[in-house]
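Only one structure is covered here, and it is reproduced in the block below.
The values are calculated or read from the model by the stated rules, or taken from the named source; none is laboratory data. Fair warning: this is a prediction, and the values are worked out from it, not measured in the lab. In this analysis, Cβ positions are derived from the backbone assuming ideal geometry, glycine residues included, and neighbour counts consider all displayed protein chains. Note: accessible area is taken over every heavy atom of the protein model, side chains too, but ligands, DNA and RNA are not part of it. Shrake-Rupley method; radii C 1.70, N 1.55, O 1.52, S 1.80 Å.
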Amino acid sequence: MVGPHFQTWTHTLRNIDSVASTNLAHKLKPGFNAGDVVLLSGPIGSGKSHFARSLILSLLADHGQVEDIPSPTFTLVQTYLAGDLEIWHSDLYRLSLLDEVLELGLLDAFTTALCLVEWPDRLGSAAPDDGLKLEFLLAKDPEMRHLTFSAQDPKWNWVKGVLNKVNLCD
């Protein structure tokens, strides 16, 4: 649990396209571990699934695995295994009650797997305080997005370091 003395930090990347989003997922990949929760919010079509899919594909590729990564919109949760790292990709858009989330076993996975959660507002008070938050927003150019990272747990400080030196063109 995050204590009240930790300050939330934010970092916004403006006007990134799908290629830059994929490159960003690849650059962030080495820092993610079991027990990490990434909360992906933003309107429909803003790039949440694309980022999650890019991260999962990159993690799997490190272990010589190639899989189709469908959106979990209708299945609610898709799970993967990249070496010893269990990955849960969930889309909670269709859920309205916390009991429905509990039935998925997602809250238990927060401590044992890398969890990528789309529509984290559906978690309500069960959303982990120590999660990394990514907010995707549509830009004026329909091919571009603004992406804001925020966290209050110091375990995410490594993300700030990556974001401060990232070149999304390679």
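Counting only protein heavy atoms and a 1.4 Å probe, the chain has 51 square angstrom of accessible area per residue. For GLU86, the accessible area of its heavy atoms, probed at 1.4 Å with every protein chain present, is near 60 square angstrom.
Let me check I've understood the local charge: for ASN33, count other residues with C-beta under 12 angstrom from its C-beta, Lys and Arg +1, Asp and Glu -1. What total comes out?
On the way: positive: LYS29, LYS155; negative: ASP36, ASP84, GLU86.
Result for the neighbourhood of ASN33: -1.
Among DSSP beta bridges lying fully in the chain, give the percent that are antiparallel, nearest 5. In the chain, DSSP labels about 60 percent of beta bridges as antiparallel. Taking a ≥ b ≥ c as the square roots of the Cα gyration tensor eigenvalues, the chain comes out rounded, since a/c falls below 1.5.
On the beta carbon distance between ASP141 and THR10, with R0 = 35 Å, the FRET formula returns roughly 0.95. For the pair region 17-81 / region 104-159, the C-alpha centres are spaced 12 Å from each other. Run the accessible area of the chain with a 1.4 Å probe and give the carbon-and-sulfur part as a rounded percent. After summing per-atom areas, the C and S share lands at 52 percent. Label positions at ALA34 and ASN157, each projected 7 Å from the Cα along the C-beta direction, are separated by 2.6 nm.
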